[in-house]
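The values are calculated or read from the model by the stated rules, or taken from the named source; none is laboratory data. Bear in mind the structure is a predicted one, so any value in this text is a computation, not a measurement. Positions of Cβ are generated from backbone atoms using ideal geometry, with glycine treated the same way; all protein chains shown enter the neighbour counts. Keep in mind that these areas ignore ligands, DNA and RNA; they rest on the heavy atoms of the full protein, side chains included. Shrake-Rupley method; radii C 1.70, N 1.55, O 1.52, S 1.80 Å.
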Amino acid sequence: MVMNGQQKKNVHDGHRERLRRRFLDHGLAPFADHEVLELLLFYIIERRDTNPIAHRLIEQFGTLEAVLAAAPEQLAKVEGIGKQSALFLNLVGQTGRRCRLAALDREPVILCSAEAAGAYLLERFAGERLEVAYQLCLDAKGKVLDCRRLTEGDASSAELPIRRVVEFALRYNASAVILAHNHPSGLAVPSREDVLATTQIESALRAIGVVLADHIIVADGDFVSMAQNGTLRHRAGW
């Protein structure tokens, strides 16, 4: 039997209502990744079955997290996803990331190893498409006093401003500083320019009695510590 337009509409409306009710009763815990996307797409795609679109998104990107971290232009290439839907999904992802970072900032954090510093910083770079740089100011016990987004650039460069690094260190009376930046389209390996900039900043901080404890390079969910690989003179105990 071939369903007419009204019958299809009723089927979709009934399915949507059941999915909404399931969410209201149980939250997202029992939902598969594609079902979460299907539910989200209800609110931006009104008159179409969003189930096959949700499946295509998972097939393309692999996981719900990867879908919500994808750039709008990447999402828009998936059949059934227009510009508005792509923007909506990216907005949801960035909103969730902003909330996670806000929660991190509210909790006291002690960083006593390169592994701890790298793990803490990975969340800052999740979903970043530009090259960005962060500065952590630490007290003598390794407590994070401030985490500051220093710069952002194109996909291949974000210069580290020595003067701003020194100013932030003085403002928070830091005993040590950790720098971090990402390579959005490369490997987590320090470039020649990274090494030169790190050496210059290390010297500038040493002049005011502050240790550059580490410079973390992040790429594709991985990181490299320039303290561990021997680039830095001081390793602040790790």
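Which residues, counting only those in the stretch 107-148, are farther than 20 Å from Met226 by Cβ and among the small types (Gly, Ala, Ser)?
Scanning the stretch 107-148 gives Ala126, Gly127, Ala140.
Can you name the number of the only condition in (1) surrounded by fewer than 20 Cβ atoms within 10 Å (Cβ to Cβ); (2) touching a helix residue (DSSP H, G or I) at 6+ places or on another chain (Cβ under 9 Å) that Glu115 fails?
Here Glu115 meets the rest and fails (2).
For (1) modelled with pLDDT under 90; (2) over 22 Å from the mean Cα position of the chain (by Cα), each residue gets a yes or a no:
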site: Asn4; (1), (2): yes, yes
site: Lys9; (1), (2): yes, yes
site: Gly14; (1), (2): yes, yes
site: Arg18; (1), (2): no, yes
site: Ala29; (1), (2): no, yes
site: Leu37; (1), (2): no, no
site: Leu57; (1), (2): no, no
site: Ala69; (1), (2): yes, no
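Output the residue which, of all residues in the stretch 187-206 that are open to solvent by less than 50 Å² (accessible area, probe 1.4 Å) and closer than 15 Å to Ala133 by Cα, is modelled with the lowest pLDDT.
The residue in question is Ala188.
Select from the stretch 213-230 the residues that are on the phi < 0 side of the Ramachandran plot and either assigned to a loop (DSSP other than H, G, I, E, B) or touching a Phe, Trp or Tyr at 6+ places or on another chain (Cβ under 7 Å) (or both) and list them in ascending order.
Once the filter is applied, which keeps residues that are on the phi < 0 side of the Ramachandran plot and either assigned to a loop (DSSP other than H, G, I, E, B) or touching a Phe, Trp or Tyr at 6+ places or on another chain (Cβ under 7 Å) (or both), the stretch 213-230 yields Ile216, Ile217, Val218, Met226, Ala227, Gln228, Asn229.
Does the stretch 111-131 include one or more residues that are small (Gly, Ala, Ser), touching a residue at least 40 places away in the same chain (Cβ under 8 Å), in a strand (DSSP E or B) and closer than 25 Å to Ala66 by Cα? Walk me through how you get there before you give the answer.
Within the stretch 111-131, the first condition is being small (Gly, Ala, Ser), and the residues that meet it are 113-114, 116-119, 126-127.
The next check asks that each one be touching a residue at least 40 places away in the same chain (Cβ under 8 Å); those that pass are 113-114, 117-118, 126-127.
The next check asks that each one be in a strand (DSSP E or B); those that pass are none.
Within the stretch 111-131, not a single residue is small (Gly, Ala, Ser), touching a residue at least 40 places away in the same chain (Cβ under 8 Å), in a strand (DSSP E or B) and closer than 25 Å to Ala66 by Cα.
Examine the stretch 148-159 for a residue that is part of a loop (DSSP other than H, G, I, E, B), at pLDDT 95 or above and surrounded by 14 or more Cβ atoms within 10 Å (Cβ to Cβ), and state whether such a residue exists.
Of the residues in the stretch 148-159, the ones part of a loop (DSSP other than H, G, I, E, B) are 153-159.
Those still in the list that are at pLDDT 95 or above too: none.
Checking the stretch 148-159: not a single residue is part of a loop (DSSP other than H, G, I, E, B), at pLDDT 95 or above and surrounded by 14 or more Cβ atoms within 10 Å (Cβ to Cβ).
Would you please name the residue that is modelled with the highest pLDDT, looking only at residues in the stretch 207-229 that are within 17 Å of Leu122 (Cβ to Cβ) and open to solvent by 50 Å² or more (accessible area, probe 1.4 Å)?
Per the criteria, the residue is Phe223.
Condition first: over 19 Å from the mean Cα position of the chain (by Cα) and buried (at least 16 other Cβ atoms within 10 Å of the Cβ). Now tell me which residues in the stretch 81-101 satisfy that. Explain how you work it out, then say what you get.
To start, the set of residues in the stretch 81-101 that are over 19 Å from the mean Cα position of the chain (by Cα) comprises 81-85.
Result: Ile81, Ser85.
When Ala204 is evaluated against the numbered criteria (1) among the aliphatic types (A, V, I, L, M); (2) in a helix (DSSP H, G or I); (3) under 23 Å from Gln94 (Cα atoms), which criterion, by number, is the only one it fails?
Of everything listed in (1) among the aliphatic types (A, V, I, L, M); (2) in a helix (DSSP H, G or I); (3) under 23 Å from Gln94 (Cα atoms), Ala204 misses just condition (3).
Name the pairs whose Cβ atoms lie under 9 Å apart, with the first residue in the stretch 89-102 and at negative phi and assigned to a helix (DSSP H, G or I), the second among the hydrophobic types (A, V, I, L, M, F, W, C) and surrounded by fewer than 14 Cβ atoms within 10 Å (Cβ to Cβ), and 6 or more positions between them or separate chains?
Asn90/Ala71
Looking at (1) crowded, with 16+ Cβ neighbours inside 10 Å; (2) farther than 19 Å from Leu87 by Cα, which is the only condition Ile45 fails?
(2)
What about Thr63, is it hydroxyl-bearing (Ser, Thr, Tyr), open to solvent by less than 20 Å² (accessible area, probe 1.4 Å) and modelled with pLDDT under 95?
Taking the combined requirement at face value, the residue does not satisfy it.
Scan Glu46, Glu38, Glu65 and give me the residue that is out of contact with any helix residue (DSSP H, G or I) (no Cβ under 6 Å at 6 or more places or on another chain), acidic (Asp, Glu) and in a helix (DSSP H, G or I). Outline the logic, then answer.
Details: Glu46 fails: in a helix (DSSP H, G or I); Glu38 fails: out of contact with any helix residue (DSSP H, G or I) (no Cβ under 6 Å at 6 or more places or on another chain).
Exactly one of Glu46, Glu38, Glu65 is out of contact with any helix residue (DSSP H, G or I) (no Cβ under 6 Å at 6 or more places or on another chain), acidic (Asp, Glu) and in a helix (DSSP H, G or I), namely Glu65.
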